[in-house]
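The structure appears right after this line, and notes come after that.
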Amino acid sequence: MPSFGCQSMSLPLQRVLMRAPRESLLNANPQQWHYGPTFDGAKALKQYQFFRSLVAACGTEIIDIEDHNDGLSDAMFTFDPSLVSDHGAIILNMGKPLRKAEPVLHEQAYINAGIPILGHVKGEGQIEGGDCIWLDHNTLAVGRGFRSNQAGIDQLNAMLNSHGVQVLGFDLPVWQGAEACLHLMSVISPLAPQLALIHAPLVPTALFQLMQSMGIELIEAPDDEFMASSGLNLNVLPTAPSQCIMIDDFPATKAVMEAAGCEVKVFAGDALCIACEGGPTCLTRPVHRAY
């Protein structure tokens, strides 16, 4: 049986689900997909390939979802349509209407890889992966906002509670509105089991206090770089505890992480990540992290 299980945000990344952007991104309508002025499809593809090489260099096995020009430009952000627990994959239900078809791609990929499906978020329930943070092996925090709702949180809890997992919902602010992308992981990025990078002004108070009570060290990203990047300076992918990949051009954020003991690799992401509102975490769906 292929290995799976990912009730951690930062342990060594063994296996990941990715989708290389091709025709669907090259042919994307930036206005339709809410892409910014630095969007450049051809340049974005090159930036993605370099990022992928950084992931592969860590020894991580990559499971590919192919882009067959299905028009699903955001499907490269594989973090959002599914979640992987130690007991199987959970197929989520996207809050962004243009992304509603993506979870089916994930379900088929898991079936092909021999990974069991634990359940589906369906009906009125909405959950996007970017709103889900494992605080520890048995505690899953979910941001309740425009992309994920209480009905989805209730369904997740029903699936995971019997396996010893507590699912806790925390309200997110409106911030830049429903059309923009504010996930819980837009304001909190775990870097190691007891270390997280945050933008404190937008972190739910109850979650901030809970993380402190759990002994998690919270380091703050510089406000100016957070605002300049719409939070993407905070979008950091740990490939192992304190071993991280982030978008280039945010030196003050990188320095804060390095001061906390992190080793940080960077890649250019102006056309890919800044323009399309998703960083290195969003571009990966961890399937297995080693315990």
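Derived scalar couplings between HN and Hα for region 244-251 equal 10, 10, 9, 6, 6, 6, 10, x Hz in order, rounded to whole Hz, by the Karplus curve 6.51 cos²θ - 1.76 cosθ + 1.60 (θ = phi - 60°), x for Gly and Pro. Would you work out if region 90-215 is rounded, prolate or oblate? Take a ≥ b ≥ c from the square roots of the eigenvalues of the alpha-carbon gyration tensor; rounded if a/c is under 1.5, else prolate when a/b is larger than b/c, oblate otherwise. Verdict is oblate for region 90-215. Where both bridge residues fall in region 1-94, DSSP classifies roughly 50% of the beta bridges as antiparallel. Here the chain carries DSSP beta bridges of which approximately 45% are antiparallel, counting only pairs with both residues inside.
The calculated FRET efficiency for GLN32 paired with HIS68, based on their beta-carbon distance and R0 = 22 Å, is about 0.70. The length gained by stretching the chain between ALA268 and ASP154 to full extension, at 0.36 nm per residue less their Cα-Cα distance, is 37.2 nm. For THR239, the residues 5 or more places off, or on other chains, whose built amide H falls under 5 Å of its own are CYS244, ILE245.
Projecting the Cα atoms of ALA109, THR239, VAL84 onto the charge dipole of region 13-289, computed from C-beta unit charges around the Cα centre, puts ALA109 farthest toward the positive end.
Okay, helix-only estimate at 222 nm for the chain: each DSSP H run of n ≥ 4 adds -39500 (n - 2.57), divide by all residues, round to 500 deg cm²/dmol; what do you get?
-7000 deg cm²/dmol
Scalar couplings 3J(HN,Hα) for region 154-165, obtained by applying the Karplus form with A = 6.51, B = -1.76, C = 1.60 to θ = phi - 60°, are 4, 5, 4, 4, 5, 6, 9, 4, 5, 9, x, 9 Hz; x denotes Gly and Pro.
Most tightly packed first, judged by the mean number of other beta-carbon atoms within 10 Å of their residues, the peptides 203-216, 15-28, 153-166, 237-250 read 237-250, 15-28, 153-166, 203-216. Taking all Cα pairs closer than 8 Å and separated by 6 or more residues, the relative contact order of region 1-140 comes to 31 percent. Could you let me know the centre-to-centre spacing of region 99-128 and region 206-279, using Cα atoms, in angstrom? Value for the Cα centre distance between the two parts: 28 Å. Placing a label point 7 Å from the Cα of ALA200 along the Cα-to-Cβ line, the residues of region 213-240 whose backbone N sits under 12 Å from it are 218-223.
Tell me, what is the percent relative contact order of the chain, built from C-alpha pairs under 8 Å that lie six or more residues apart?
Details: 649 pairs, mean separation 77.2, N = 291.
In percent, rounded to a whole number, it is 27.
Around the amide H of VAL287, modelled in the peptide plane, lie the amide H atoms of ARG15, VAL16, LEU17, all under 5 Å away and 5 or more residues distant in sequence or on another chain. Residues TYR291, TYR110, TYR35, arranged from fewest to most other Cβ atoms within 10 angstrom of their Cβ, appear as TYR291, TYR35, TYR110. Cross-link partners of LYS254 among lysines, defined as those whose alpha carbon lies under 29 angstrom from its own and excluding same-chain residues fewer than eight positions apart: LYS43, LYS46, LYS265. Once backbone amide H atoms are built at 1.01 Å from N, ASP248 has PHE267, ALA268, GLY269 as its partners under 5 Å, excluding neighbours fewer than 5 places away on the same chain. Full extension of the segment from ALA260 to GLN209, taken as 0.36 nm per residue of separation minus the current Cα-Cα distance, would add 16.3 nm.
When CYS276, CYS58 are arranged by Cβ crowding within 10 Å, least crowded first, meaning fewest neighbours, the order is CYS58, CYS276. If you sort the three axes of the alpha carbon gyration tensor as a ≥ b ≥ c, you get a/c under 1.5 for region 13-289, which makes it rounded.
Just so you know, all these numbers are worked out from the coordinates, no wet-lab data involved. Computed from a predicted structure; not experimentally measured. Please note: Cβ atoms are built from the backbone with ideal geometry, for glycine as well, and neighbour counts cover all protein chains shown.
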